[in-house]
Every structure is written in structure tokens, then in C-alpha cells.
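Have a look at the structure below, then the notes.
The values are calculated or read from the model by the stated rules, or taken from the named source; none is laboratory data. Keep in mind the model is a prediction, meaning the values are calculated, not measured. Glycine gets a Cβ as well: all are built from the backbone with ideal geometry, and neighbour counts include every protein chain shown.
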Amino acid sequence: LDLAALFGLHKATNALLQHGQNPNSKDSYGRTPLSYAAENGRDKVVELLLERRAEIESRDRIFDQTPLSWAAEKGHEAVVRLLLDKGADLGARDMLFTCWTRRTNRGTMCLGWSERPMFTRG
């Protein structure tokens, strides 16, 4: 399931879920299929996993990141917006770091997600 999510294989992901795979299964790093799909910008798979009750606030064991922070770090705006629309917590403790570490050309991605910007560029 992790590989199907990582590569955005919607039909394979759906088939695995229909055959009983757990959408919240964790690998040895504590990562879920949702975190891999979010990190790689697989919006259709992210949506499918959320429909199947994937935990939107799951955190990995190594970096303590959520699917939202993985998507933001990698610059996948469509996935970020989808996760926020589905209730992901923008105030999660890793989001400021994620936004701060974005490359300059994507630094504005975190602006406008809340009532006030998390940071501004000088």
C-alpha cells in the first residue's frame, strides 16, 4: 500500500484497500500511506485515503511530520489545500519549521493559510 500511494497508483491503492489493507498502517519509520502520497503530490490518492479514514494528523517517528507538513515541504500546493479542506491542523508544531525551510521561490506558500502569516520575507 505504501508503494502504491507513493507512486500515485490510484487503482492499485483502491484495490488494496478493498481487499482489507489498513489505510493507517505504519512502516518501520512510522510513515503511513497518506504521508507518502502527500509528500509526493499524489492528490487523487490522498483523497482516496482520506475517504477510507486515513489519519490526517499521523506523525512519523523520525521527523515527527504530518502529511500536511510533508506536502508543504515538497511544495505540493494542491495536496496542501486538500488536506486543509479536510481538516488538517495548520497549527501543528512542525508547520512553522516546514514553512521556514521552504526555498525562497516557494516561501510564500505558507502565507494566507491562516488569519496572519506565519513568517514574511524581508
Checklist entry - How do the pairs read when you match residues in segment 1-30 that are without any contact (Cβ under 8 Å) to a residue 12 or more places away in the chain with residues anywhere that are part of a helix (DSSP H, G or I), using Cβ under 7 Å and keeping only pairs 6 or more apart or on different chains? => result 12/4
Next on the checklist: Can you tell me how many residues within segment 34-50 are closer than 16 Å to residue 11 by Cα and surrounded by fewer than 24 Cβ atoms within 10 Å (Cβ to Cβ)?
Outcome noted: 5
Next on the checklist: Of everything in segment 39-84, what is without any contact (Cβ under 8 Å) to a residue 40 or more places away in the chain and among the β-branched types (Val, Ile, Thr)? Give them in sequence order.
Outcome noted: 46, 56, 62, 66, 80
Checklist entry - Quick one: in segment 67-81, which of the residues that are farther than 23 Å from residue 14 by Cβ and in contact with a Ser or Thr (Cβ under 7 Å, 6 or more places away or on another chain) is surrounded by the fewest Cβ atoms within 10 Å (Cβ to Cβ)? => result 73
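Among the candidates 31, 61, 93, 53, which residue alone is exposed (fewer than 15 other Cβ atoms within 10 Å of the Cβ), at pLDDT 95 or above and not hydroxyl-bearing (Ser, Thr, Tyr)?
Working: 31 fails: exposed (fewer than 15 other Cβ atoms within 10 Å of the Cβ); 61 fails: at pLDDT 95 or above; 93 fails: at pLDDT 95 or above.
Step by step, each of 31, 61, 93, 53 is checked, and only 53 is exposed (fewer than 15 other Cβ atoms within 10 Å of the Cβ), at pLDDT 95 or above and not hydroxyl-bearing (Ser, Thr, Tyr).
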Checklist entry - Given the conditions (1) assigned to a helix (DSSP H, G or I); (2) at pLDDT 95 or above, and given that residue 98 satisfies all but one, which numbered condition is not satisfied? => result (2)
Checklist outcome for this item: (1) of a type outside the set (Phe, Trp, Tyr); (2) surrounded by fewer than 21 Cβ atoms within 10 Å (Cβ to Cβ); (3) part of a helix (DSSP H, G or I) all hold for residue 24 apart from (3)
